[in-house]
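So the structure is just underneath, and the comments pick up after that.
The values are calculated or read from the model by the stated rules, or taken from the named source; none is laboratory data. Keep in mind the model is a prediction, meaning the values are calculated, not measured. When we count neighbours, we look across all protein chains shown, and the Cβ atoms used for this are built from the backbone with ideal geometry, even at glycine. Surface accessibility is based on the protein's heavy atoms, side chains included, excluding ligands, DNA and RNA. Shrake-Rupley method; radii C 1.70, N 1.55, O 1.52, S 1.80 Å.
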Amino acid sequence: MREKELHLGLIMDGNGRWAKARHLPRTAGHLAGLKSLKKVVLGAINNEVKYLSLYCFSTENWKRSQEEVSYLMGLFSSKIYSELPFYQENGIKILTIGDLSPLPEDAKKAINDTIEATKDNDTIILQLAINYGGQAEISMAVNKAIKNGETNLTPEVIRSYFEHPEVPPVDVIARSAGEIRLSNFLLFDSAYAEFVFCDKLWPDWDESDVTKVLEEYSHRIRRFGGVK
Ligand code: FPP
């Protein structure tokens, strides 16, 4: 057992490059990425990760081709709820962060039904970031706080207006496919996160990659601005 519950964030990058290398459409990369996602979730459970946040669709991803956007929306409507037996067998609770309102109705329904059906599971909390952006998250929380009459917008007050303030700040963020940037993921909560960047493309990830990320993280000394 870990002394503290661990929150791992994953930026799942490289689906397009994986598909291109195989002369396949980008959408085939996303489908392959979904398969690796299941292996990674099992790897996270085996490594006793309590919170796993996954960057599935950013507020900027609407700029992609209409074909790619509709394919991803189709994955949300057809693949999220259909994995219910997998969540129930493995004690997975699904949450989302991000503004679901512009999503197609069937995707919203599939997501909300999944959240409701898994609400009592507690082996691992899987937080799906869908139409999520870190800047939008902060701005939304600040607006809600103002509407609620708050006059002193401290970091703690702002955070209390997040969609899931009960989910602790992320401890480590790993990104696949060699890019070294945060891309608007968990901006506020990554203030003291550790970062692990991996060259492997997302569809090639499996259980062992979670173990590797956490092994690297275990050597980091976290001071949170103080001295050890
Ligand atoms: C980034 O790779 C990946 C995405 C924008 C989508 C990630 C989504 C999944 C893995 C599927 C999630 C689905 C469900 C149902 C939870 P990229 O396309 O930017 O790759 P590239 O940088 O090589 O072009």
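Search segment 120-155 for residues being in contact (Cβ under 8 Å) with a residue 40 or more places away in the chain and part of a loop (DSSP other than H, G, I, E, B), and hand back the single one that is nearest to TYR51 (Cα to Cα).
THR123
Within the set of pairs 6+ apart or on separate chains, which have a first residue in segment 90-112 that is more than 15 Å from ASN61 (Cβ to Cβ) and modelled with pLDDT of 95 or more, a second that is open to solvent by less than 10 Å² (accessible area, probe 1.4 Å) and assigned to a loop (DSSP other than H, G, I, E, B), and C-beta atoms under 7 Å apart?
Cβ pairs passing all conditions: ILE92/THR118; LYS93/THR118; ILE94/THR118.
Would you mind telling me which numbered condition in (1) more than 26 Å from ILE130 (Cα to Cα); (2) aliphatic (A, V, I, L, M); (3) touching a Pro at 6+ places or on another chain (Cβ under 9 Å) LEU186 fails?
Answer for LEU186: the failing condition is (1).
Among (1) away from the ligand (no atom under 16 Å from the Cβ); (2) in a loop (DSSP other than H, G, I, E, B); (3) open to solvent by less than 60 Å² (accessible area, probe 1.4 Å), there is one condition SER208 misses while meeting the rest; what is its number?
The one condition SER208 does not meet is (2).
So is GLN127 within 16 Å of the ligand (Cβ to nearest atom) and in contact with a Leu (Cβ under 9 Å, 6 or more places away or on another chain) or not? Can you show your working first?
Numbers: within 16 Å of the ligand (Cβ to nearest atom): yes; in contact with a Leu (Cβ under 9 Å, 6 or more places away or on another chain): yes.
Yes: the conditions hold for GLN127.
What are the residues in segment 156-198 that are part of a strand (DSSP E or B) and in contact (Cβ under 8 Å) with a residue 24 or more places away in the chain, if any? Outline the logic, then answer.
Filtering segment 156-198 for residues part of a strand (DSSP E or B) gives 172-175, 194-197.
Matches in segment 156-198: VAL172, ILE173, ALA174, ARG175, GLU194, VAL196.
Please enumerate the residues belonging to segment 211-228 that are open to solvent by 20 Å² or more (accessible area, probe 1.4 Å) and of a type outside the set (D, E, K, R).
Applying the first criterion (open to solvent by 20 Å² or more (accessible area, probe 1.4 Å)) to segment 211-228 yields 211-212, 215-228.
THR211, TYR217, SER218, HIS219, ILE221, PHE224, GLY225, GLY226, VAL227 - these are the residues of segment 211-228 that are open to solvent by 20 Å² or more (accessible area, probe 1.4 Å) and of a type outside the set (D, E, K, R).
Give all pairs with beta carbons closer than 9 Å in which a residue from segment 199-213 that is over 17 Å from THR27 (Cα atoms) meets a residue that is open to solvent by 40 Å² or more (accessible area, probe 1.4 Å) and away from the ligand (no atom under 14 Å from the Cβ); count only pairs at least 6 apart in sequence or on separate chains.
ASP206/LEU42; GLU207/LEU42; GLU207/ASN46; VAL210/LEU42; VAL210/ASN46; THR211/ASN46
For segment 142-162, check the following and say yes or no: at least one residue is among the aromatic types (Phe, Trp, Tyr) and within 25 Å of LYS39 (Cβ to Cβ). Show your work before the answer.
Narrowing segment 142-162 to residues among the aromatic types (Phe, Trp, Tyr): 161-162.
Then drop every residue that is not within 25 Å of LYS39 (Cβ to Cβ), which leaves none.
No: segment 142-162 contains no residue that is among the aromatic types (Phe, Trp, Tyr) and within 25 Å of LYS39 (Cβ to Cβ).
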